[in-house]
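First the structure, in the form of structure tokens, and then the observations on it.
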Amino acid sequence: MSILVTGGAGYVGSHTVRWLRRSGQSVVVLDDLSTGHRCAVPDGVPFVQGSVDDPALVVDICRTHAVSAVVHFAAKSLVGESVSNPRKYWTGNVVATHALLGALLDAEVGKLVFSSTAAVYGEPETPHLLESHPKRPMNPYGRTKLVIEELLSDYARLGLRSIALRYFNAAGAEPSDGLGERHDPETHLVPLAIGAALGTRPALTVFGNDYATKDGTCVRDYVHVSDLADAHEKALARLDLVDGHTAYNLGSGDGYTVKEVLDQVARAAGVPVPHTFGPRRAGDPAVLVADSTKARSELAWAPVRSLDRIVDDAWRFHSNAR
Ligand code: UDP
């Protein structure tokens, strides 16, 4: 029996492949390499280059590798791009996932863990977000993820049990395994700040310093990518107990401002992070922090890697890759 990991050559996907393998599970990766990296998939893991939007291929993989469950990462995931090119997101996320689910039903694979996001919520109404918080995504990226969650909920009637994991701010790396964040273009705070400190990227622009937060910059909940990987393993184990479909927030519950993250990067780098202050970025809520009580109690999951570990690991990954 194997776990099919779609998007297993991407950032969270590759760390999850590493995690599952370390716990002795067989894994097969399907990735079209549009944003993933072939070298992020370890030797010995069967790798298929292709799209989840290819039902014959998916059915063939499921039969060949005796797939018992799927972890579905393959997606378009840039908020800004989703605004400028929504078609790419509705096709690449919703249409492609719909095709994947059809193939899984044909192949009689009845378990799936879905890579979702805190972007399904939109502007927070409470400081800590529960899963039941109203869902008003502020961009097509968040909307496509929410629609897929609804699709999964409907498909529970067809025998597909699923769990959506809503990540807050994924960050960090596993430098000893050569795994880390390598987006192109890169839009995320931690790798951009590290690049600025290393001199491999321009000075960072902090998006807004007039928010109603303790230092005027946005507050986010950063969670180590290996803590996310751990949650996927726990969600896979939980699927047998799930009645249809459910969702879990994955965050630490601790919020850090952009300035605090820059201070942490400066500590790891030993030099200040060159930065300037610019206008707010469209669609950025002031504060986005998880209430992960449900994941803690039902999945027995708790993030154990703090912000300094997140930044240290990311720093080591990027300075090694230089
Ligand atoms: N951010 C910033 N400058 C950048 C990139 C990000 O000030 O060049 C801020 C952004 O406004 C947000 C936080 O850093 O408050 C985290 O942003 P990121 O894009 O990493 O994740 P998001 O919160 O959008 O998922």
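Values as computed for the structure displayed
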item: Separation of alpha-carbon centers, the stretch 51-109 and the stretch 1-26, rounded to whole Å; result: 16 Å
item: Accessible area (Å², 1.4 Å probe, nearest 10) - Asp254; result: 80 Å²
item: In sequence order, calculated HN-Hα J values of the stretch 280-286 (Karplus, 6.51, -1.76, 1.60; Hz; x Gly/Pro); result: 4, 8, 4, x, 8, x, 5
item: Projected area averaged over orientations for the chain, convex hull of C-alpha atoms, nm²; result: 14.9 nm²
item: Full-stretch length increase - Thr91, Arg281 - with 0.36 nm per residue and alpha-carbon distance subtracted; result: 65.9 nm
item: Cα→Cβ-extended label distance, 7 Å offset, between Thr293 and Asp184, nm; result: 4.5 nm
item: For the stretch 289-302, 3J(HN,Hα) per residue [Karplus equation, 6.51 cos²θ - 1.76 cosθ + 1.60, θ = phi - 60°, Hz, x = Gly/Pro]; result: 9, 7, 9, 9, 4, 5, 5, 5, 7, 8, 9, 6, 9, 8
item: DSSP bridge pairs, the chain: antiparallel proportion in percent, nearest 5; result: 5 percent
item: Where Rh is the Kirkwood radius over Cα pairs, Rg/Rh for the stretch 190-268; result: 1.13
item: Greater than 21 Å apart at Cα, pairs in Lys259/Lys294; Lys111/Lys135; Lys135/Lys259; Lys234/Lys294; Lys76/Lys259; result: Lys259/Lys294; Lys111/Lys135; Lys135/Lys259; Lys76/Lys259
item: For Leu179, distant residues with modelled amide H under 5 Å away; result: Glu174
item: Residues with amide H under 5 Å from that of Ala170, placed H, sequence gap 5 or more; result: Val223
item: Tilt relative to the chain, helix 258-269 - C-alpha long axis, 0 to 90 degrees, to 10; result: 90 degrees
item: Per-peptide average of other Cβ atoms within 10 Å, ordering 297-306, 271-280, 228-237 highest first; result: 228-237, 297-306, 271-280
item: Residues whose placed amide H lies under 5 Å from that of Ala164, excluding near-sequence neighbours; result: Phe114, Thr246, Ala247, Tyr248
item: Estimated FRET transfer efficiency when R0 is 51 angstrom, pair Lys214-Ala66 (beta carbons, to 0.05); result: 0.45
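The values are calculated or read from the model by the stated rules, or taken from the named source; none is laboratory data. This is a predicted model, so every value here is computed, not measured. Please note: Cβ atoms are built from the backbone with ideal geometry, for glycine as well, and neighbour counts cover all protein chains shown. Remember, those area values only see protein heavy atoms, side chains included, never the ligands or the DNA or RNA. Shrake-Rupley method; radii C 1.70, N 1.55, O 1.52, S 1.80 Å.
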